[in-house]
2 protein chains.
Amino acid sequence: MFIDRLIESIQEKNNPTVVGLDPKIEYVPAFIKERAFKEYGKNLKGASEAIIAFNKMLIDSIYDEVPAVKPQLAYYEMYGIEGLIAFDETCKYAKSKGLIVIADGKRNDIGTTAEAYSKSFLGETEIDDGVTQKAFDVDALTVSPYLGIDGIKPFIQDCTNFDKGIFILVKTSNKSSGQLQDLVTEQCKSIYEVMAGYVHEWGKPLTGKYGYSSVGAVVGATYPNQAKLLRSIMKNAYILVPGYGAQGGTARDCANSFNRDGLGAIVNASRSVMCAYKSETWKNEYTEEKFAEAARAEVLRMKEDLNAALGR
Amino acid sequence: MFIDRLIESIQEKNNPTVVGLDPKIEYVPAFIKERAFKEYGKNLKGASEAIIAFNKMLIDSIYDEVPAVKPQLAYYEMYGIEGLIAFDETCKYAKSKGLIVIADGKRNDIGTTAEAYSKSFLGETEIDDGVTQKAFDVDALTVSPYLGIDGIKPFIQDCTNFDKGIFILVKTSNKSSGQLQDLVTEQCKSIYEVMAGYVHEWGKPLTGKYGYSSVGAVVGATYPNQAKLLRSIMKNAYILVPGYGAQGGTARDCANSFNRDGLGAIVNASRSVMCAYKSETWKNEYTEEKFAEAARAEVLRMKEDLNAALGR
């Protein structure tokens, strides 16, 4: 099962971290960009080739220390077809290095269309009677729940059929997440609590050998109090925690999304790792050329930070 | 402004319809598939080439009678990179025929990432200082509101800068849409009412010369009572209405999303047009080879049906 593989990889590397691969072009060091622009031109293709090179060097530098990476689809779609080729190549390269790949796409639609999205990333596409092919192939996908269960069911079906996982948005890390998610219903429950109840219920049939489900949730590190409550509602959900570092969440804040067994959450860091070479912490130690080593140093620092907050 | 262009095209063609281009491979007539599979193989490329041919023939047959088309991204992503090439080619072909293109992607994310999605479809992508390029180029995009205003703002910004539009999910057409959207808050308002209030407010700065905003909403034809209420809350929003035909919504149901000026909504039909040649209504009149003519006949029938319900 997806969730068992994720947990085993987290335990093996003793690191509950996922590195977000959100490669804005301004994150990419000049020497990589210049090389790509020279070969392919200052265009979507050149930018995408620069991103592929950047991602691969990052992956090479961190794959033995982190269990998973999370490419954010928006940062590939913004380079069009070429960008999606970069996404696909990044996913394949990460998998070849033994990393679990969580595509962050926040896909959502009504039943039959959700099915198409699910086939795109988790399942298989039928070409002609009996002939199927994989479109993109990742281990898990983030999904957005505004449409209710019939927009989620097709993803859950493919999680079962193809050993995949999903993470459903519950309480997001952004400032205005409360505008909808914090509304309180007549039953005195906030929307994020209601959603958490659904995630708990929907995930039950996909519970693996460690007691966690392949149907997980997204809860931002920037809302630690809500995280504590949500942790108790969704006992078996693995929680993907964005918002650490650049967005202001601390390791202590993240700890609220874990269970007492030290499991139950995986914390995302994107910019702080990708741009470690530009950060106050590392810029004096690493030049731009050594960006991948800076990323590794930040991964190790974060790992220690999280494990300390978790008391291990 | 986007919304003025949309209204003028609706008026010119006297048809408040958008044709959904959701080309599942089983919708594509055998003679098109066989030709494509023979040339490109029974694979993602072959399927995508079949879809391009199918879409172009459909567009050729209906472009003078409908103002807009709405390709659903899921049905292109499911064919991977090749599928996205088909999406791009479909959009470009539709635009070359004077059609307005609404990409149905229900994109959503936190601020900076929403910005990347917005650049992908509505704005422009920066390659290197000053050099920009368009990734995909459509006229409008559907977006999902679970994350609140900071996930919507970047799209609105690009609507302003690039003359584009968005349609925000408010009350979707699927059966389980109520699971989240119908929850009633302490203030005795349903989530879809609250969302409608936001759409009304967010859209004000983008109001065009006919009194409508480039920030529209999605309200399913399958919920006609809710549509009436939502119409009154979002006075200036153009409402994109899915659910007509195959999903059970009637022209009368759709009429609830229009204002007294006969404007204010555009009704989507996908399967009923694409698969008209298979339908009870048309299958005796049109063979599979004449699928595009069947689609045109269905477009004309639907136009009459809607205009009758609107009393014109």
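Of (1) part of a helix (DSSP H, G or I); (2) among the aliphatic types (A, V, I, L, M); (3) touching a residue at least 40 places away in the same chain (Cβ under 8 Å); (4) out of contact with any strand residue (DSSP E or B) (no Cβ under 7 Å at 6 or more places or on another chain), B:Val273 satisfies all except one. Which?
(4)
Is one or more of the residues making up the stretch A:86-93 surrounded by fewer than 24 Cβ atoms within 10 Å (Cβ to Cβ), among the acidic types (Asp, Glu) and more than 9 Å from chain B (Cβ to nearest Cβ)?
Within the stretch A:86-93 (the criterion being surrounded by fewer than 24 Cβ atoms within 10 Å (Cβ to Cβ), among the acidic types (Asp, Glu) and more than 9 Å from chain B (Cβ to nearest Cβ)), the answer is yes, since at least one residue qualifies.
Is it fair to say B:Ala103 is at pLDDT 95 or above and more than 9 Å from every other protein chain (Cβ to nearest Cβ)?
yes
Please verify whether A:Ala68 is hydrophobic (A, V, I, L, M, F, W, C), more than 20 Å from A:Ala140 (Cβ to Cβ) and more than 8 Å from every other protein chain (Cβ to nearest Cβ), treating the condition exactly as stated.
Against the criterion (hydrophobic (A, V, I, L, M, F, W, C), more than 20 Å from A:Ala140 (Cβ to Cβ) and more than 8 Å from every other protein chain (Cβ to nearest Cβ)), A:Ala68 does not qualify.
Quick check on B:Ala246: is it on the phi < 0 side of the Ramachandran plot and touching a strand residue (DSSP E or B) at 6+ places or on another chain (Cβ under 9 Å)?
Judged against the criteria, B:Ala246 is a match.
Does A:Glu293 satisfy the condition of being assigned to a helix (DSSP H, G or I), acidic (Asp, Glu) and in contact (Cβ under 8 Å) with a residue 24 or more places away in the chain?
Criteria met by A:Glu293.
Of the conditions (1) in contact with a strand residue (DSSP E or B) (Cβ under 6 Å, 6 or more places away or on another chain); (2) at the interface with another protein chain (Cβ under 7 Å from one of its Cβ atoms); (3) crowded, with 24+ Cβ neighbours inside 10 Å, B:Cys159 fails just one. Which one is it?
B:Cys159 satisfies all of (1) in contact with a strand residue (DSSP E or B) (Cβ under 6 Å, 6 or more places away or on another chain); (2) at the interface with another protein chain (Cβ under 7 Å from one of its Cβ atoms); (3) crowded, with 24+ Cβ neighbours inside 10 Å except (2).
Between a first residue in the stretch B:80-94 that is within 11 Å of A:Asp88 (Cβ to Cβ) and a second residue that is outside any helix (DSSP H, G or I) and aromatic (Phe, Trp, Tyr), which pairs have beta carbons less than 7 Å apart while being 6 or more apart in sequence or on different chains?
Pairs found: B:Gly80/A:Phe136.
Go through the stretch A:109-138 residue by residue and tally those that are facing chain B (nearest Cβ under 8 Å), over 13 Å from B:Glu77 (Cβ atoms) and in a loop (DSSP other than H, G, I, E, B).
1
The values are calculated or read from the model by the stated rules, or taken from the named source; none is laboratory data. Since the structure is predicted, the reported quantities are computational estimates derived from the model, not experimental observations. Positions of Cβ are backbone-derived with ideal geometry, glycine not excepted, and every protein chain shown enters the neighbour counts.
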